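Following: one structure in structure tokens, then a few remarks.
No lab work stands behind these numbers, since they all come straight from the coordinates. The structure presented is a predicted model; accordingly, all values stated were derived computationally and were not measured. Backbone-built Cβ (ideal geometry, glycine too); neighbour counts: all protein chains shown.
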Ligand code: TLP
């Protein structure tokens, strides 16, 4: 099977398995796991933040950020197709007890003027706006890289209004590799950052959240409450370290493969590539073919290729570590055969 459903499907490499086997461990609830401590230090340094915390998943990291930044009843401004709003089971309202204020974006980017106009004024009837969430790269916008200028403008508005900014950077390293702008530069425009080790970076488990020392100390307590205080977790953190040491630059390969696939797909009758394909995600519209997205995905599976139903007329392909250029060629042949 050529699995293009997501970059979450990668299997750990031999080096990662060996690092897990050999990892020096301790009890991380006592902050005594040397491998976790090394991973957190390395992540904080890469992001230019005071401190970082290893969490079980991107979703857990985003939820902990909301719990740490906000008080119940407050309002969070976010983009209307953001992962936090669409794909996190309504956690912001259920766990952090905050109300979300979705704003439609262009290629995942909210208009700073609209963000500004959505901040609540002082009024006894209104919730208090406390947080703005942004996403880079933006998943539902097809892996779009958020312009640095957009992040800077939103952060400036946030600071002028005493608000915090959380960056869902599940694929922030893809943004770095595509734009040449460092994760540190992006992270300057957010008070907290979440990134995933388990997507294009190829680790089997885990995400990082980072911010000030004071923020992370409080976040650690929320992580404990959510059941994320783990013990000899260095065996999982070790592959995460390998991901950061060895796998950042190779994301460029995934982007090349995504372009190859997108160019090939664009040449197939009836298929329309919906996004600009800046990183590793390709969204195609199949309305002009004989298929629904569901039957398209089923037919592809029969040919040995896995893709994901995305929207009403669209499906998503994601390139990653375990996909070669031969796989891309085979996937294109499979699509050609089924349309
Ligand atoms: N995205 C997954 C699915 O949940 C849709 C995927 O296959 O793309 N933020 C962003 C922008 C994400 O894309 C994801 C995962 C997360 C957060 C959550 O990460 P995990 O899966 O580790 O909870």
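Kirkwood's formula applied to the C-alpha pairs of the stretch 6-75 gives a hydrodynamic radius of 14.6 angstrom. Computed log10 I(q)/I(0) for the stretch 50-96 at 0.22, 0.25, 0.26, 0.32 Å⁻¹: -0.81, -1.00, -1.06, -1.32, from the Debye equation with unit scatterers placed on every C-alpha and solvent omitted.
Each principal axis of the Cα cloud of the stretch 79-216 was taken in turn, and the coordinate range along them, longest first, works out to 48, 31, 31 Å.
Taking max minus min of the alpha-carbon positions on each principal axis, the stretch 153-282 gives extents of 54, 43, 26 Å, largest first. Sorted into 10 angstrom bins from 0, the C-alpha pair distances of the stretch 250-338 split as 19, 57, 23, 1 percent.
Take the Cα of residue 80, step 7 Å toward its Cβ, do the same at residue 162, and the gap between the two points is 3.1 nm. From its DSSP helices (H runs of at least four residues, each -39,500 (n - 2.57)), the chain gives a residue-normalised ellipticity at 222 nm of -12500 deg cm²/dmol. Counted over the chain, the DSSP beta bridges are approximately 55% antiparallel.
Once C-alpha pairs closer than 8 Å and six or more residues apart are averaged by separation and normalised to the residue number of the chain, the relative contact order reads 25 percent. Each listed q (0.19 Å⁻¹) maps to a log10 I(q)/I(0) for the stretch 42-128 from the Debye sum over equal C-alpha point scatterers, namely -1.00. In this rough spin-label picture, where each label sits 7 Å from Cα along the Cβ direction, the residue 27-residue 272 distance is 6.0 nm.
Using C-alpha pairs under 8 Å with a sequence gap of at least 6, the mean separation divided by the residue count of the stretch 217-339 gives a relative contact order of 23 percent. Using alpha carbons only, the radius of gyration of the stretch 14-246 set against its Kirkwood radius gives Rg/Rh = 0.97.
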